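The structure under discussion appears below in the form of structure tokens.
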Amino acid sequence: MKQNVLVIGSGGREHALAWKLSQSPDIGSLYVAPGNAGTAAIAENVDIKVTDIDGLLEFAKSKDIHLTVVGPDDVLAAGLVDDFTKAGLRAYGPTRTAAKVESSKSFAKDLMTDNHVPTAKYATFTDLHAAKDYVHGHPTPIVVKASGLALGKGVYICETLEQAHQALDEIMGEKLFGDAGNSVVIEEFLGGQEVSIHAFCDGNSAKLFPPSQDHKRIGEGDAGPNTGGMGTFAPVPWVTPALMHKAHREVVQPILSDLKTHHFPYKGTLYPGLMVDGDDIKVLEYNARFGDPETQTYVRLLETDLLEILNACVDGTLPDLDIKWSHRTAITVVLASGGYPGKYDKGLPITGLSTAAALPDIEVFHAGTTLKDGEVVTAGGRVLGVTATGVDLKDAQDKAYAAIRTIKFDGMQYRTDIGNKAL
Ligand code: AMP
Ligand code: GLY
């Protein structure tokens, strides 16, 4: 029987998920709320805000939605999956409590300690003076993090004691991130290379995706401020199968087992960010969702029907499913608005999209775009994700950058070194 599906969100991740779901042999009507100009071409955009859970629930009931797929972390933290499940509807993603692995860094840290998951040494504080005293006794660099969700901006890598004090003043004193800063985590600085792990989880067990690598800084060579992510590739050639087994055994499975034992089974995508130094792996954080732009890269490699996988996670039947990934390499390069991650203009016309999309092995996923008088214009900081596949990383990279040369909008910026670290 055909299944109607609702995807929640408006970014590149959601365009990529909708694109893959639209290829399922079982897909009926596909909706994205609120979506962007890219999702409008492959699905029906629904004008309901992601924060309007009641509105989304009414919509899902009225359209006989078989599965709702949640993109953003704040929607999970707000309990969409709890509310849909209570109403007898199926939703892919963790419940509010299970999503605390991402929405509360102090919860995540305690969970890691309880389960002997390797992570940076840390302490948690709700008192500004106690937090300041603590940094005095510890070496720099030191890392200060707002415990709650802060749009990826609540992490400060502090080179000096003064910087750490300033970070604490901003988070706890000035409440720069609101209630997300009621509690802070202070932890040791870890060296190494970052790797993104993703796992489909069905409450009991997990199946890992190939490893990927994000590029979080705005500038070439990882310089400048953090962003939501400027580009990714997968697989990461130097991450061995042994390392992936270790991540499964020491980083993913203990968390699933603990949450299940405490009656909060984790269903959805678990995305630990790792710091890898030789054979040593440490968890930087857990995310309770698909990464963005990791997802844009992953959908180019996934060969199994995504709808079937997501249903198996919700139904708890993941072990029965054989998930296949292509042996090719995929890359995503993000095209961002001039000024991002600071202030930027919106409403600028984008040209060259169809020329780029017609090139071999290219898909262009929309993130911050909208339609104005039938024309695609910019509407966000990260505007597009140009993805390519190739026989290896160099091949994929060459194709992506050739496609980018055909796309233009005023102020467009992107990193020219996505993937270079692994070449
Ligand atoms: P998080 O949101 O906790 O993943 O932190 C955002 C980014 O800050 C990470 O992707 C790392 O680049 C960096 N980071 C976080 N924690 C540490 C740490 N303990 N040592 C070094 N870098 C870190
Ligand atoms: N790629 C970073 C994130 O999704 O959090």
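The values are calculated or read from the model by the stated rules, or taken from the named source; none is laboratory data. Because the structure is predicted, anything quoted here is derived from the model rather than measured. So basically every Cβ, Gly included, is an ideal-geometry build from the backbone, and we count neighbours across all protein chains shown. Heavy atoms of the whole protein, side chains included, go into the accessibility calculation; ligands, DNA and RNA do not. Shrake-Rupley method; radii C 1.70, N 1.55, O 1.52, S 1.80 Å.
Quick notes
- Dimensions of region 260-400 from C-alpha coordinates, computed as largest minus smallest value along each principal axis and given longest first, are 52, 37, 35 Å.
- Calculated log₁₀ intensity ratio I(q)/I(0) where the Debye formula runs over C-alpha points of the chain, q = 0.13, 0.14 Å⁻¹: -1.19, -1.39
- Percent of Cα pairs exceeding the 18 Å cut-off, where the set is region 20-75: 31
- The label point for Ala123 and the one for Lys86, both projected 7 Å from the Cα toward the Cβ, are 3.9 nm apart.
- For the chain, a simple Cβ point-charge model (Lys and Arg +1, Asp and Glu -1, everything else neutral) yields a dipole of about 400 debye relative to the Cα centre.
- Normalised per residue, the volume of the convex hull around the Cα set of region 1-125 (Å³): 139
- Region 97-172: C-alpha gyration tensor shape, a/c 1.5 cut-off, then a/b vs b/c: prolate
- With N the number of residues in region 198-267, Rg(Cα) / (2.2 N^0.38 Å) evaluates to 1.39.
- Partners of Lys408 within straight-line reach, counting aspartates and glutamates whose Cα lies under 14 Å from its Cα and excluding those fewer than 8 residues away in the same chain: Glu375.
- Region 41-85, accessible area per residue, ligands and nucleic acids excluded (1.4 Å, Å²): 45
- Taken over region 132-174, the percentage of Cα pairs per 5 Å bin, counting from 0 up to the bin with the maximum distance, is 6, 25, 34, 22, 11, 2.
- Farthest positive-ward along the chain dipole, Cα basis, beta-carbon charges - from Ala18, Phe209, Gly137: Ala18
- Ordering Met112, Gly192, Leu161 by the projection of their Cα atoms onto the charge dipole of the chain, which places +1 on the Cβ of Lys and Arg and -1 on the Cβ of Asp and Glu, puts Gly192 at the extreme positive end.
- For the chain, the relative contact order works out to 16 percent when only alpha carbon pairs closer than 8 Å and six or more residues apart are counted.
- Dividing the summed -39500 (n - 2.57) terms of all DSSP H runs of n ≥ 4 by the residue count of the chain sets its mean residue ellipticity at 222 nm at -7000 deg cm²/dmol.
- Region 91-107 and region 280-295 have Cα centres lying 13 Å from one another.
- Excluding ligands, DNA and RNA, the accessible surface per residue across region 297-383 is 43 Å² with a 1.4 Å probe.
- Based on C-alpha pairs under 8 angstrom that are at least 6 apart in sequence, region 297-423 has a relative contact order of 30 percent.
- Whole-percent carbon and sulfur share, accessible surface of region 114-231, 1.4 Å: 53
- Think of region 228-300 as a dipole: +1 on every Lys or Arg Cβ, -1 on every Asp or Glu Cβ, centred on the Cα centre; then among Val236, Leu259, Leu274, Leu259 lies furthest on the positive end.
- The largest accessible area among His366, His248 belongs to the first residue in His248, His366, and the rest follow in falling order (1.4 Å probe, all chains).
- Relative contact order of region 293-333, defined on C-alpha pairs under 8 angstrom at six or more residues apart (%): 59
- Stokes-Einstein diffusion coefficient of region 264-333, Kirkwood radius over Cα pairs, 10 °C, 1.306 mPa s, in µm²/s: 113
- Along principal axes, Cα extents of region 314-368, largest first, whole Å: 48, 29, 17
- About its Cα centre, the dipole of region 243-357 is roughly 320 debye, where the only charges are +1 on Lys and Arg Cβ and -1 on Asp and Glu Cβ.
- Label point at Leu161 placed 7 Å out along Cα→Cβ; residues across region 122-140 whose backbone nitrogen lies under 19 Å: 123, 128-140
- Here, P(r) means the percent of Cα pairs in each 5 Å bin from 0 to the largest distance; for region 351-419 it is 4, 16, 28, 26, 16, 7, 3, 1, 0.
- Exceeding the 32 Å Cα-Cα cut-off - candidates Lys86/Lys121; Lys324/Lys399; Lys260/Lys421; Lys86/Lys346; Lys260/Lys324: Lys86/Lys121; Lys260/Lys421; Lys86/Lys346
- Comparing His215, His129, His262 in a Gaussian network model of the chain, where Cα atoms under 10 Å apart are tied by springs, the biggest mean-square fluctuation is seen for His262.
- Diagonalising the gyration tensor over the Cα atoms of region 129-244 and scaling each eigenvalue by 5 before taking the square root yields semi-axes of 30, 17, 15 Å, largest first.
- Bridging of Lys343 to lysines at a Cα separation below 18 Å is possible for Lys153, Lys216, once same-chain residues fewer than 8 apart are set aside.
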